[in-house]
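Notes follow once the structure below has been shown.
The values are calculated or read from the model by the stated rules, or taken from the named source; none is laboratory data. Since we're looking at a predicted model, the values are computed, not measured. All Cβ positions, even for glycine, are placed from backbone atoms using ideal geometry, and neighbour counts span all protein chains on display.
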Amino acid sequence: MGTTSEDNGSPAQRGPGQRGTGQHDQGQRYQGQRGPGLGDSALGGLGARLRFPSWATKRAGQSQDPAAPRDRGSARDRDVEEQWSWPGGVVRPGTDAHTLVMEMILDGAHSSVGSRRSRAHATSIADRLAAIDAGREPWLATRVASELLLAAMDSLYEHGWQPLDVVHVVRRSHATPVLELAVATVTHQAVLANAENRAPLPWVDQLREVEQSFPRLAGTMRRAAVHNPAGRPFLLMIDYPQVLHTDWQSVLALLGQWHDLPVWPVVCATPSQWPERRIDTDSGAPTVEPRVLNRVRGLLAKAEATTYQGEAEAVTAKAQELMTRYAIDAAILSATVDRTDVVTRRVHIENPYTKSKVHLLHEIALANRVRVVWDAEYSVATAVGTPVDLRQVGLLYESTLVQATQSMTAIGESSKDPATRSASFRRAFLFAYAVRVGQRLQQVGEHTMAEEARRKRQDGRDLLPILAAQDAAVNAEFERLFPQTEKQTAAPMDARGWIAGKVAADQAVLAPAGASLEA
């Protein structure tokens, strides 16, 4: 993992200066045990000896009739052994067709990604698998591949990954056919696991977001999981009712991608821990009221729509103030029930300029008592905080990113200097924008916090111990999930881009805390 919200220097101390001289402290990088990937650490994998993965054995066994043991010496098995022997040339005596095909698929998957990638080898295996599907037992290879994909899905979930995570890594690295296959697998597995009635509500929200990316495909897979009297493998249902052929290149690429993922910290209940039916009870923990959310969203939408930078800054500051006041009330309510709820959410950062974008998230988190850690390899940030604070960070991040992008694009369109449209200029612009916006939001938050502390003291309440206990709970959970981190420093940046970004974020004086904008 990467950047955390540990950078407490002032923006004046953190500027990059001129090109080639300045460096910016981006916080710390997580150094927890990532391992060589699920394929070799958590699940077992092919490796040098082509070991048979235990997770694949379990999933494959679920599809077999226990009353009908496999005939390891059948004519079908011998036929597969003769025609589709292992690329190394040696077939273990007595190996059944199902196992042979499974090992062939896994070998092709490992050849599709990472340091062992061999396009020619993967293509050769894809052709062989297509021929097996057309052999004596139609769709044998597709059935095995369906089992392997669902098994990979099960294991990834048990080792810290969530629905949006597994789709995000595929979207970053692969073309649309592989992404569609990932969405189909996630959707089909969710129906089989009855996730809609068993999973935590944030998990269900993620599944809905995944389905929204390809609604027709998701609908097809949901229906196939519920009504499949012929017991077809789910890969055949993607193009149902007109089944043409299995896209083996995409299957191998997806399985290889998922099989190569590392173990992540578990941040919510995994499917094996779900109850038979979710009990949605009100635990007394505060959540953001719809009226507050609607007002904040309205303010941020106004900030995104205006073409006047000063108005955008003022409206964003008002949203920060409103949510800060609400977060304080929520903290007091938590203290009355003698419990501070701390939750974890992942934020998927999209290309381009991922480092600059995550720094914007980092700065907003600093202003709102949330800690963030960054995984640069997969462009995923993990945020730890109270539910109200995390909601505030999410809303502000999405809105300020839109505003920053609009300002950056406007500069490029209005300037005759082509450098203003270069990647180095825009990267520095977003980075400087993040630093300055973070400072301004923090000023608003601190001012609001001081006002509320004074008001609470007048009412006979001491706010500071409550906030200190909340910070302690957040820090304890963060340290539990990410016990080891390392410092990370940004590279030197384009000075003109830095100055332009700072000016864009600092162009107008923010409305003072408490100022009414309703008029």
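For residues that are assigned to a loop (DSSP other than H, G, I, E, B) and free of Cβ contacts under 8 Å to residues at least 40 places away in the same chain, tally how many sit in segment 413-443. It would help to see each step written out before you state the result.
Looking only at segment 413-443, we keep the residues that are assigned to a loop (DSSP other than H, G, I, E, B), and these are 415-417, 422.
Applying the additional criterion that residues be free of Cβ contacts under 8 Å to residues at least 40 places away in the same chain yields 415-417.
Total meeting the criteria: 3.
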Can you tell me how many residues within segment 186-195 are assigned to a loop (DSSP other than H, G, I, E, B) and either of a type in the set (F, W, Y) or touching a residue at least 12 places away in the same chain (Cβ under 8 Å) (or both)? 1
Is it the case that segment 420-429 has a residue that's at pLDDT below 90, surrounded by fewer than 19 Cβ atoms within 10 Å (Cβ to Cβ), within 23 Å of T307 (Cβ to Cβ) and not hydroxyl-bearing (S, T, Y)? yes
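Residues checked against (1) modelled with pLDDT under 90; (2) not in a helix (DSSP H, G or I):
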site	(1), (2)
V347	no, yes
V358	no, no
E377	no, yes
D389	no, no
V393	no, no
E398	no, no
Q403	yes, no
I411	yes, no
G445	yes, no
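With D280, D338 as the choices, which residue is at pLDDT below 85, of a type outside the set (S, T, Y), outside any helix (DSSP H, G or I) and not assigned by TED's automatic domain parsing to the domain that holds S407?
On the way: D338 fails: not assigned by TED's automatic domain parsing to the domain that holds S407.
Of the residues listed, the single one that is at pLDDT below 85, of a type outside the set (S, T, Y), outside any helix (DSSP H, G or I) and not assigned by TED's automatic domain parsing to the domain that holds S407 is D280.
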Those residues of segment 176-197 which are of a type outside the set (V, I, T), under 25 Å from A381 (Cβ atoms) and out of contact with any Asp or Glu (no Cβ under 8 Å at 6 or more places or on another chain) amount to L179, A182, A195
Applying the selection to segment 221-272, what residues are among the aliphatic types (A, V, I, L, M), part of a loop (DSSP other than H, G, I, E, B) and in contact (Cβ under 8 Å) with a residue 40 or more places away in the chain? I238, L261, V263, V266, V267, A269
Being touching a residue at least 60 places away in the same chain (Cβ under 8 Å) and within 19 Å of H168 (Cβ to Cβ) is the filter here, so list the residues in segment 201-220 that pass it. P202, W203
Neighbours by Cβ (under 9 Å, 6+ apart or cross-chain): first from segment 463-486, within 17 Å of V343 (Cα to Cα); second of a type in the set (A, V, I, L, M, F, W, C) and part of a helix (DSSP H, G or I): L467/I328; L467/A331; L467/M449; L467/A453; A469/A331; A469/A335; Q470/A331; Q470/A335
Any pair with Cβ under 7 angstrom, 6 or more apart, that starts in segment 288-309 at a residue that is over 21 Å from L390 (Cβ atoms) and ends at one that is surrounded by fewer than 16 Cβ atoms within 10 Å (Cβ to Cβ): Q309/Q507; Q309/A508
Considering only segment 196-220, state which residues are part of a loop (DSSP other than H, G, I, E, B) and within 26 Å of P275 (Cβ to Cβ). A199, P200
I need the full set of residues from segment 152-174 which are assigned to a helix (DSSP H, G or I) and farther than 18 Å from V266 by Cα, in order please. V170, R171, R172, S173
Does V183 count as in a helix (DSSP H, G or I) and either of a type in the set (A, V, I, L, M) or over 25 Å from the mean Cα position of the chain (by Cα) (or both)? yes
Is it the case, given these coordinates, that L207 is under 27 Å from E103 (Cβ atoms), in the same structural domain as D154 (by TED's automatic domain parsing) and among the hydrophobic types (A, V, I, L, M, F, W, C)? no
